[in-house]
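Peer 1: Shown below is the structure under consideration.
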Amino acid sequence: MIPGLWPGIFLTGSACHAAFLYLAAVMSKEIVVSGIRSTGYLHLGNYFGAMRNYVRMQDDFNCYFFVADYHALTTHPDPKLLRENVYRVVAENVACGLDPEKVALYAQSDIPEIPELYLMLNMLAYKGELEKVPTFKDKVRSQPDNVNAGLLTYPVLMTADILIHKGVKVPVGKDQEQHVEMARNFANRFNSRYGETFPEPYPFNYSDQLIKIPSLDGAGKMSKSENVNATIYLADDDDLIRKKVMKAKTDAGPTEHNSEMPDYIQNIFQLMNLVSSPETTETFKAAYNGCTIRYGDMKKQLAEDMVNFVRPIREKSMALQQNPSQIAKILKEGAEKARESSSKTIADARKKIGINYY
Ligand code: TRP
């Protein structure tokens, strides 16, 4: 909206001034976009890798967060389960502290401007470069019977998700960094062909080091679909969390003072760092260095701290899921906010391309 035409001009004196300051603040905030796939249950890795960042960003930036339900279609999910999955992802994000008043929280499929921009960008995306993307090559290997065009153009759809709001900061995990780099390339390609339209998006993280949340069996990281028994999901109940933590891999303990930790023990300490108090972690570290550590006690402590960490999130999320009309309202209002921004962008892109007939 052009500031000069804003209805604020009808206000007078200090009201006008305050309203103008608010508008200026919203307009000057950098734009953040990120998507969450609607397949699988969210786990601690998602929480510490993504959701915690979203929650921190919501006060400082103009945020668009969405459930990537179109992206999920690449694996042909059961239509009967789609809504439930989308609702759960929304509920879990709100339960983690995302405030739908502060951010636009919406479903990708509610924004028709996204597939429209995706179509435009597909004309600038080449088969060769798309086939080279490591995540695509992984899928070709893991699901050779379903190498569909949507899978090939997955990074193009992701680009449309970001550029539709002219997003510049994209909070993503390490595995998505290359997709954001492609989004940057496609933005530049559009700009050089049709004129300056999109800013360059970059991956964003608060710390230099992207944290990887280890799975409890000492093999790899927590995952939406693999290592189910070694992954703590935000929907797990107290006893399940205890059971999983108690099964974490340990050994007979160190025999020499200050010896190096095997990675599966490091993992347990890393998880403790995230959910326990610093004093607790320090106590066990000292016990490790002094060879008096009892892993059974350590895991019991970690299990209780983990239970206390996950419980309020799970309870809030369950309560929300029992109130689907509230989730529907969040999605509707989120879509309204997102369409305000995306309709402007698509009008601009159409004009730049020359789709401007009457
Ligand atoms: N591909 C992302 C993932 O698998 C999800 C996603 C879709 C996304 N569109 C996006 C992330 C746009 C950031 C920006 O996690």
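The values are calculated or read from the model by the stated rules, or taken from the named source; none is laboratory data. Since this is a predicted model, take the numbers as computed values, not measurements. Because the Cβ atoms are built from the backbone with ideal geometry, glycine has one as well, and the counts that use them run over all protein chains shown. Keep in mind that these areas ignore ligands, DNA and RNA; they rest on the heavy atoms of the full protein, side chains included. Shrake-Rupley method; radii C 1.70, N 1.55, O 1.52, S 1.80 Å.
Peer 1: Considering N273, N289, which residue is polar (S, T, N, Q) and open to solvent by less than 70 Å² (accessible area, probe 1.4 Å)?
Peer 2: Numbers: N273 fails: open to solvent by less than 70 Å² (accessible area, probe 1.4 Å).
Of the residues listed, the single one that is polar (S, T, N, Q) and open to solvent by less than 70 Å² (accessible area, probe 1.4 Å) is N289.
Peer 1: Determine which member of the set A252, A230, A287 is without any contact (Cβ under 8 Å) to a residue 24 or more places away in the chain and within 27 Å of I36 (Cβ to Cβ).
Peer 2: On the way: A252 fails: within 27 Å of I36 (Cβ to Cβ); A287 fails: within 27 Å of I36 (Cβ to Cβ).
When all the criteria are applied, what remains is A230.
Peer 1: Another one. Identify all residues within region 68-107 that are part of a helix (DSSP H, G or I), among the β-branched types (V, I, T) and more than 12 Å from the ligand (Cβ to nearest atom); write none if there are none. Full working, then the answer.
Peer 2: Step one: filter region 68-107 for residues part of a helix (DSSP H, G or I), giving 69-75, 79-95.
From the residues that got through so far, the ones that are among the β-branched types (V, I, T) too are 74-75, 86, 89-90, 94.
Listed by number, the residues that qualify are V86, V90, V94.
Peer 1: If you go through region 108-117 one residue at a time, do you hit one that is within 16 Å of the ligand (Cβ to nearest atom), touching a strand residue (DSSP E or B) at 6+ places or on another chain (Cβ under 7 Å) and outside any helix (DSSP H, G or I)?
Peer 2: Looking through region 108-117, none of the residues is within 16 Å of the ligand (Cβ to nearest atom), touching a strand residue (DSSP E or B) at 6+ places or on another chain (Cβ under 7 Å) and outside any helix (DSSP H, G or I).
Peer 1: Before we move on, is R184 out of contact with any helix residue (DSSP H, G or I) (no Cβ under 6 Å at 6 or more places or on another chain), more than 10 Å from the ligand (Cβ to nearest atom) and open to solvent by 50 Å² or more (accessible area, probe 1.4 Å)?
Peer 2: Numbers: out of contact with any helix residue (DSSP H, G or I) (no Cβ under 6 Å at 6 or more places or on another chain): yes; more than 10 Å from the ligand (Cβ to nearest atom): yes; open to solvent by 50 Å² or more (accessible area, probe 1.4 Å): no.
The answer is no for R184.
Peer 1: Among the candidates F204, F198, which residue alone is within 16 Å of the ligand (Cβ to nearest atom), modelled with pLDDT of 95 or more and open to solvent by less than 70 Å² (accessible area, probe 1.4 Å)?
Peer 2: So the residue among F204, F198 that is within 16 Å of the ligand (Cβ to nearest atom), modelled with pLDDT of 95 or more and open to solvent by less than 70 Å² (accessible area, probe 1.4 Å) is F198.
Peer 1: Looking only at helices (runs of 4 or more DSSP H) that lie completely in region 269-358, which have at least 1 residues being touching a His at 6+ places or on another chain (Cβ under 9 Å)?
Peer 2: On the way: elements: 278-289, 295-321, 324-353.
Qualifying helices (runs of 4 or more DSSP H): 278-289, 324-353.
Peer 1: Oh, and also: Tell me whether region 76-87 contains one or more residues that are modelled with pLDDT of 95 or more, farther than 24 Å from P203 by Cβ, open to solvent by less than 20 Å² (accessible area, probe 1.4 Å) and not basic (K, R).
Peer 2: yes
Peer 1: For region 170-179, how many residues are within 7 Å of the ligand (Cβ to nearest atom) and modelled with pLDDT of 95 or more?
Peer 2: 2
Peer 1: Taking only region 279-306 into account, find how many residues are of a type in the set (V, I, T) and within 17 Å of D263 (Cα to Cα).
Peer 2: Start the filter on region 279-306 by keeping residues that are of a type in the set (V, I, T), which leaves 280-281, 283, 292-293.
Then keep just the ones that are within 17 Å of D263 (Cα to Cα); that gives 281, 293.
Result for region 279-306: 2.
Peer 1: Test V140 against the criterion of being within 16 Å of the ligand (Cβ to nearest atom) and surrounded by fewer than 20 Cβ atoms within 10 Å (Cβ to Cβ), and give yes or no. Let's see the steps before the verdict.
Peer 2: Numbers: within 16 Å of the ligand (Cβ to nearest atom): no; surrounded by fewer than 20 Cβ atoms within 10 Å (Cβ to Cβ): yes.
It is false that V140 is within 16 Å of the ligand (Cβ to nearest atom) and surrounded by fewer than 20 Cβ atoms within 10 Å (Cβ to Cβ).
Peer 1: I would also like to ask the following. Does region 17-38 include one or more residues that are in contact with a strand residue (DSSP E or B) (Cβ under 9 Å, 6 or more places away or on another chain), modelled with pLDDT under 95, within 16 Å of the ligand (Cβ to nearest atom) and open to solvent by 30 Å² or more (accessible area, probe 1.4 Å)?
Peer 2: yes
Peer 1: While we're here: Please specify each residue of region 59-96 satisfying the condition of being within 18 Å of K169 (Cα to Cα) and under 13 Å from the mean Cα position of the chain (by Cα). Talk me through it step by step, then tell me what you get.
Peer 2: Of all residues in region 59-96, those within 18 Å of K169 (Cα to Cα) come to 59-68.
Residues satisfying the conditions are C63, Y64, F65, F66, V67, A68.
Peer 1: In region 256-266, is there at least one residue being part of a helix (DSSP H, G or I) and either open to solvent by less than 20 Å² (accessible area, probe 1.4 Å) or among the hydrophobic types (A, V, I, L, M, F, W, C) (or both)?
Peer 2: Here is the first cut: in region 256-266, the ones part of a helix (DSSP H, G or I) are 263-266.
Narrowing the set further to residues that are either open to solvent by less than 20 Å² (accessible area, probe 1.4 Å) or among the hydrophobic types (A, V, I, L, M, F, W, C) (or both) leaves 265.
For region 256-266, residues part of a helix (DSSP H, G or I) and either open to solvent by less than 20 Å² (accessible area, probe 1.4 Å) or among the hydrophobic types (A, V, I, L, M, F, W, C) (or both): present.
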